[in-house]
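K.L.:
Here you go, one structure.
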Amino acid sequence: MQEPISAPTDSSQSPSKEIPPGNTPPRFFDWLPGWIIPAWIPWEFVRFGMVGTLAFVIDASLLRLLLLVGFGFYSGRAVSFLVVATGTWILNRSFTFRGNIGRGKLRGEWAGYLGLMALGGAVNYGVYALAIENSALIRQHPELGVALGALAGMMINYWSARTWFRRNGQPGGKTSGRP
């Protein structure tokens, strides 16, 4: 079992091991008791979850708006997913994986990120479509289908995004630490 790594409490102390990028809590979380977010959960994953929660709210709200203006369940979901995937790229780049961002052209990085998110997006969209087709409740409240899809694609998207930003942030495309 790997022992947890903690950040030094003042600048005169140094940790016994190098702290992996994304593993230290942001200062505004200092007030949280340790049992709320256990030490074995990387802060990078917590930040990814925060971005994902915001993305869900925007995704579900945008889908509802698109349905109100005449889009169908599937075309509206495709548009909302593209908008939210772009937003999560921006937030994950600047907040979740900020220590690992690449220095290349943004357009190419965005296109690569969307391509990498395709697998998680396919799982997300597939679960949403199954839920819409098989549940009257979800057809009445498509936000529930968005939530089911988001949960299904979350782990795939986390691993993909983490790998993408690490590779783009390292010279020669090498990852640092685990993928």
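K.L.:
Among the candidates SER80, SER135, single out the residue that is of a type in the set (Ser, Thr, Tyr) and more than 12 Å from ASP59 (Cα to Cα).
P.N.:
SER135
K.L.:
Quick one: which of THR53, THR24 is modelled with pLDDT under 70 and β-branched (Val, Ile, Thr)?
P.N.:
So the residue among THR53, THR24 that is modelled with pLDDT under 70 and β-branched (Val, Ile, Thr) is THR24.
K.L.:
Also, I was wondering about something else. Would you check which residues across the stretch 68-104 are among the polar types (S, T, N, Q), crowded, with 16+ Cβ neighbours inside 10 Å and either modelled with pLDDT under 90 or under 20 Å from PHE165 (Cα atoms) (or both) and list them?
P.N.:
Matches in the stretch 68-104: THR88, ASN92, THR96, ASN100.
The values are calculated or read from the model by the stated rules, or taken from the named source; none is laboratory data. Bear in mind the structure is a predicted one, so any value in this text is a computation, not a measurement. Methodologically, a virtual Cβ is constructed for each residue, glycine included, from the backbone with ideal geometry; neighbour enumeration extends over all protein chains shown.
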